[in-house]
Amino acid sequence: MGFFSSKNVQFFSQSWLYVTHACRFQKPGDYRTFEIAGFSIIVIQGKDHQLRAFQNVCRHRAYQVTKKECGSSTVLGCRYHGWSYDTKGMLVKAPEFDNVPGFDKSKNALWEVKTEVTNSLVFINFDARSEVASVGFGNSLKQFKTLKTKDMRCAVDWKVECQMNWKLAAGYFSDPSSHRSMRTTMFSRLPTMFSTSQKYESIGNSTAIRQLSSGDFLTLRFLPKSPRTTTVECCVYTKRAENRAVELSTVKEEIRAEIEQMEKKQKRLLNGEVGSFRRKKPCRWYQSCRLLTKPPAKQDELRQMLKIHAENEARIGMEIHPAAQKHAFSEEGRADDDFCRELDDPSNDRSTVCSASAKGLLDW
């Protein structure tokens with residue numbers, strides 16, 4: 001794993017992350033999958049109407065349980081060898097394993113990911129420790145207490161791929177002053193329902209939420225793909241039933257235009273045209289690239305988190321993986337697992353088409 005991947009995994013595996021709104025789940029079995037910094041998770045509504053999140057990894061051979069972005073089923077079945085799980089993540093079917101000595105279904109449930117729902121906003125935390133502080137973004141969530149967010153629905157959602165580091169993107173969109181400093185901004189050009197009277201908050205380090213003047217709100221999630229590539233997941237939630245395709249289309253166009261501006265600024269930064277992150281004096285483009293001429297807050301927060309993580313690893317003399325789960329094996333099960341891992345190893349000459357890594361031969 002490269003530096004970029006490993007450090008992002010460390011960051012995203014020990015923070016509360018906003019993933020979606022509870023309105024996306026209307027009945028038991030409704031689920032959505034998310035890819036975050038190399039992690040794949042499933043968020044599903046149980047028969048008790050509670051939302052739970054699980055790692056999207058079958059406990060048998062680590063195959064993805066589902067490859068769909070969304071769906072509805074009270075039983076999630078892995079297509080590799082037929083292991084199936086209920087909405088609480090419990091293993092309910094394991095072909096050929098019922099008579100295996102020492103096999104315990106209760107010890108082979110999906111790995112659960114900590115989940116909290118606050119004002120209908122769904123947060124997850126990959127940290128596998130038993131004691132993790134609750135979601136706490138202070139004033140960032142207070143404004144949503146006055147909104148009846150439970151009654152909202154998704155009006156439109158879409159993704160934008162941008163050539164920009166995710167920390168710069170998140171820092172820019174989560175700093176209201178950055179928009180005020182622009183002569184023309186995305187939000188000043190939007191229709192009345194998206195006028196500048198809207199409120200804005202940053203939820204953690206990778207999500208920005210704007211309350212719109214109409215009472216609707218817009219969420220932006222910034223997900224790293226590479227050091228210079230970011231996926232921005234956008235969604236508008238509303239209480240209104242009417243179709244506003246034209247207005248929503250304008251929103252999408254304006255967000256794309258604003259991202260293109262930021263891409264150009266990062267390119268100028270990397271080319272040395274606007275100084276560096278530590279430049280102290282205003283540059284020629286100061287009013288339009290203020291965030292790019294000082295250390296971004298997101299960068300500072302991430303640097304401090306990684307520094308503490310590195311110090312902890314140095315103290316114990318080994319790597320720390322906050323999201324790592326503990327396996328519970330019988331003696332026979334451990335031997336079988338070791339054998340299967342050997343077969344799955346692509347560097348091993350014994351790797352066969354039975355391997356989960358066999359270039360998709362068993363990707364049904």
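Here is a yes/no grid of residues against (1) outside the structural domain of M164 (by TED's automatic domain parsing); (2) buried (at least 16 other Cβ atoms within 10 Å of the Cβ); (3) modelled with pLDDT of 75 or more; (4) assigned to a loop (DSSP other than H, G, I, E, B):
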| position | (1), (2), (3), (4) |
| --- | --- |
| Y237 | no, yes, yes, no |
| E247 | no, yes, yes, no |
| I255 | no, yes, yes, no |
| E260 | no, no, yes, no |
| F277 | yes, no, no, yes |
| K280 | yes, no, no, yes |
| R284 | yes, no, no, yes |
Notebook entry, point to check: Across segment 59-74, what is the total count of residues that are crowded, with 16+ Cβ neighbours inside 10 Å and without any contact (Cβ under 8 Å) to a residue 40 or more places away in the chain?
Noted result: 2
Notebook entry, point to check: Would it be correct to say that S13 is at pLDDT below 95, crowded, with 20+ Cβ neighbours inside 10 Å and within 18 Å of the chain's Cα centre (by Cα)?
Noted result: yes
Notebook entry, point to check: If you go through segment 56-69 one residue at a time, how many are within 15 Å of the chain's Cα centre (by Cα) and either over 13 Å from T87 (Cα atoms) or among the hydrophobic types (A, V, I, L, M, F, W, C) (or both)?
Noted result: 1
Checklist line | Those residues of segment 28-58 which are at pLDDT below 90 and closer than 27 Å to D104 by Cβ, in sequence order | finding: F39
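Working only within segment 22-56, note down all residues that are in a loop (DSSP other than H, G, I, E, B), under 15 Å from E112 (Cβ atoms) and charged (D, E, K, R).
D48 - this is the single residue of segment 22-56 that is in a loop (DSSP other than H, G, I, E, B), under 15 Å from E112 (Cβ atoms) and charged (D, E, K, R).
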Notebook entry, point to check: If you go through segment 122-138, how many residues are farther than 20 Å from F11 by Cβ and modelled with pLDDT of 90 or more?
Noted result: 0
Check: P224 passes all but one of (1) within 22 Å of the chain's Cα centre (by Cα); (2) assigned to a helix (DSSP H, G or I); which number fails?
Finding: (2)
Check: Which of the residues that make up segment 75-122 are farther than 30 Å from V236 by Cα, of a type in the set (S, T, N, Q) and either touching a residue at least 24 places away in the same chain (Cβ under 8 Å) or not assigned by TED's automatic domain parsing to the domain that holds Y18 (or both)?
Finding: N108
Check: Going by the structure shown, is F222 in the same structural domain as E161 (by TED's automatic domain parsing) and either surrounded by fewer than 19 Cβ atoms within 10 Å (Cβ to Cβ) or farther than 26 Å from S40 by Cβ (or both)?
Finding: no
Margin query: One residue is enough: does segment 162-169 have a residue meeting the conditions of a type in the set (K, R), closer than 28 Å to A257 by Cα and at pLDDT 90 or above?
Written below: no
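Residues of segment 92-120 being more than 29 Å from S15 (Cβ to Cβ) and of a type in the set (A, V, I, L, M, F, W, C), which ones? Don't jump to the end; show me each part of the working.
At the first step, the residues of segment 92-120 found to be more than 29 Å from S15 (Cβ to Cβ) are 92-106.
Within segment 92-120, V92, A94, F97, V100, F103 qualify.
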Next item on the list: Answer yes if at least one residue in segment 96-116 is within 26 Å of I209 (Cβ to Cβ) and crowded, with 21+ Cβ neighbours inside 10 Å, and no otherwise.
Entry: yes
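The values are calculated or read from the model by the stated rules, or taken from the named source; none is laboratory data. Computed from a predicted structure; not experimentally measured. Because the Cβ atoms are built from the backbone with ideal geometry, glycine has one as well, and the counts that use them run over all protein chains shown.
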